[in-house]
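**Q** I'd like to ask you about the structure that follows.
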Amino acid sequence: MLHLSYALFDKDGRQVPQEIVTKVGEIFEHILKETVKVRDENANDMPLVQAISIVLDRNPHLRLEGLQYEVLQWCICRLEAWFATDVDNISLQNWDQEHVLTGGHGLMVNGYDPVIRALSRDLDTHLNHRVTKIIQRYNKVIVCVEGGTSFVADAAIITVPLGVLKANIIKFEPELPEWKLSAIADLGVGLENKIALRFDTIFWPNVEVLGRVAQTSNACGYFLNLHKATGHPVLVCMVAGRFAYEMEKLSDEESVNFVMSQLKKMLPCATEPVQYLVSRWGTDPNSLGSYSCDLVGKPADLYERFCAPVGNLFFAGEAACIDHSGSVHGAYSSGIDAAEDCRRRLSTQLGISDLFQVGKIAMREEMAEVMVPLQISRL
């Protein structure tokens, strides 16, 4: 988890004393450490919330009441946002298995567009080509898109979001083998949406996260303060799990009105936003979810099956990265791995023994040429 500066408020708009926030945060970390003992004692997986209940039964002194209990629920809310799903869906076996990179937390001031432009330079990229079918035939891959156009290649690397694969929007001919279909089915897809609000004045404290505590994690909420990192008067409300799906049923205006009602309970001096932007990753046909999450009881070989190629079809994306799933760097590294696997296969298939090595050298040279300075703000 990331360690950021917080300002938390109760339902009446009173700021929670920092010493309470710090104390509850330490207790929550202790509870999570105790869940590891529960995991070691049980061969079968269980929801993280069940393990937390066991820990509290064993350690009554860790139970909290009143305002401290509400702060604990807010900590759970943040955990749910990290996994983009509710705590009863988070796997005890896997909740702490991600390898978090060192270097602190940063925000790319200009977004990922400079990275995309740099990496895609000199590539023949076709936008607005929605793939409908992928055919494997005679050692070739035929990619069919809406409108009747098709592309033929020796191999293909499939990086569409996991939600799109799970929805079976892209047809495969022949059908993918059962071991691959079951891997796609068994991986979970989380949902986390953002409601970005731009104001004409700053009315909030200079911290990285503004939060609202409550009796349940679903009733809690939080805002990222982009002003601290970018200088722009923007707050971003983050909603995850089932609540995010419910929010997607609202119009943009209704979503903003709801979020503003919560913000005004925290900060009565809040002004109305002059601009807003609402994401809908769950219903966007190009994503159908935000990023992958480990479901309770997932098979041990799940990632290996999901990553494994099917003939000349290779799979990449954040869901294909065992150590960094749910992240951009995970998606990038899995793409590099799939590209190298693809080169290795083609070098064997085409009888060009040094294709793979030459390709790696060329790729390194190209990457060196397209390196661009990025504006990264440390929060």
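The values are calculated or read from the model by the stated rules, or taken from the named source; none is laboratory data. Keep in mind the model is a prediction, meaning the values are calculated, not measured. Note that each Cβ is placed from the backbone with ideal geometry, even for glycine, and that neighbours are counted across all protein chains shown. Quick note on the areas: whole protein, heavy atoms, side chains included, nothing else; ligands and nucleic acids left out. Shrake-Rupley method; radii C 1.70, N 1.55, O 1.52, S 1.80 Å.
Table: residues versus (1) of a type in the set (Val, Ile, Thr); (2) touching a residue at least 60 places away in the same chain (Cβ under 8 Å); (3) in contact with a Lys or Arg (Cβ under 8 Å, 6 or more places away or on another chain).
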site: 225; (1), (2), (3): no, no, no
site: 234; (1), (2), (3): yes, no, yes
site: 250; (1), (2), (3): no, no, no
site: 254; (1), (2), (3): no, no, no
site: 257; (1), (2), (3): no, no, no
site: 273; (1), (2), (3): no, yes, yes
site: 290; (1), (2), (3): no, yes, no
site: 296; (1), (2), (3): yes, yes, no
site: 304; (1), (2), (3): no, no, no
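**Q** Report those strands (runs of 3 or more DSSP E) wholly inside region 37-150 carrying at least 3 residues which are at pLDDT 95 or above and touching an Asp or Glu at 6+ places or on another chain (Cβ under 8 Å). Reasoning before the result, please.
**A** On the way: elements: 106-108, 131-137, 140-145.
Output list reads 131-137.
**Q** Count, please, the residues in region 1-51 that happen to be free of Cβ contacts under 8 Å to residues at least 24 places away in the same chain, over 30 Å from residue 261 (Cβ atoms) and of a type in the set (Val, Ile, Thr).
**A** Of the residues in that region, 0 qualify.
**Q** Can you tell which of 8, 48 is of a type outside the set (Val, Ile, Thr), in contact with a strand residue (DSSP E or B) (Cβ under 6 Å, 6 or more places away or on another chain) and surrounded by 13 or more Cβ atoms within 10 Å (Cβ to Cβ)? Step through it out loud before you land on a result.
**A** On the way: 48 fails: in contact with a strand residue (DSSP E or B) (Cβ under 6 Å, 6 or more places away or on another chain).
Result: 8 is the single residue among 8, 48 that is of a type outside the set (Val, Ile, Thr), in contact with a strand residue (DSSP E or B) (Cβ under 6 Å, 6 or more places away or on another chain) and surrounded by 13 or more Cβ atoms within 10 Å (Cβ to Cβ).
**Q** Moving to a separate point now. For the list (1) among the charged types (D, E, K, R); (2) in contact (Cβ under 8 Å) with a residue 60 or more places away in the chain; (3) farther than 30 Å from residue 303 by Cβ, I need the number of the one condition that residue 86 fails.
**A** (3)
**Q** Follow-up. Within the set of pairs 6+ apart or on separate chains, which have a first residue in region 332-352 that is free of Cβ contacts under 8 Å to residues at least 60 places away in the same chain, a second that is among the hydrophobic types (A, V, I, L, M, F, W, C) and open to solvent by 50 Å² or more (accessible area, probe 1.4 Å), and C-beta atoms under 6 Å apart?
**A** 347/355
**Q** Can you tell me how many residues within region 167-193 are surrounded by fewer than 18 Cβ atoms within 10 Å (Cβ to Cβ) and among the basic types (Lys, Arg)?
**A** 1
**Q** Assess whether residue 316 counts as being of a type in the set (Gly, Ala, Ser), modelled with pLDDT of 95 or more and within 25 Å of residue 141 (Cβ to Cβ). Step through it out loud before you land on a result.
**A** On the way: of a type in the set (Gly, Ala, Ser): yes; modelled with pLDDT of 95 or more: yes; within 25 Å of residue 141 (Cβ to Cβ): yes.
So residue 316 fits the description; yes.
Yes or no, residue by residue, for (1) loosely packed, with under 15 Cβ neighbours inside 10 Å; (2) modelled with pLDDT under 95; (3) at positive phi:
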| residue | (1), (2), (3) |
| --- | --- |
| 230 | no, yes, no |
| 234 | no, no, no |
| 237 | no, no, no |
| 243 | no, yes, no |
| 249 | yes, no, no |
| 254 | yes, no, no |
| 257 | yes, no, no |
| 260 | no, no, no |
| 265 | no, yes, no |
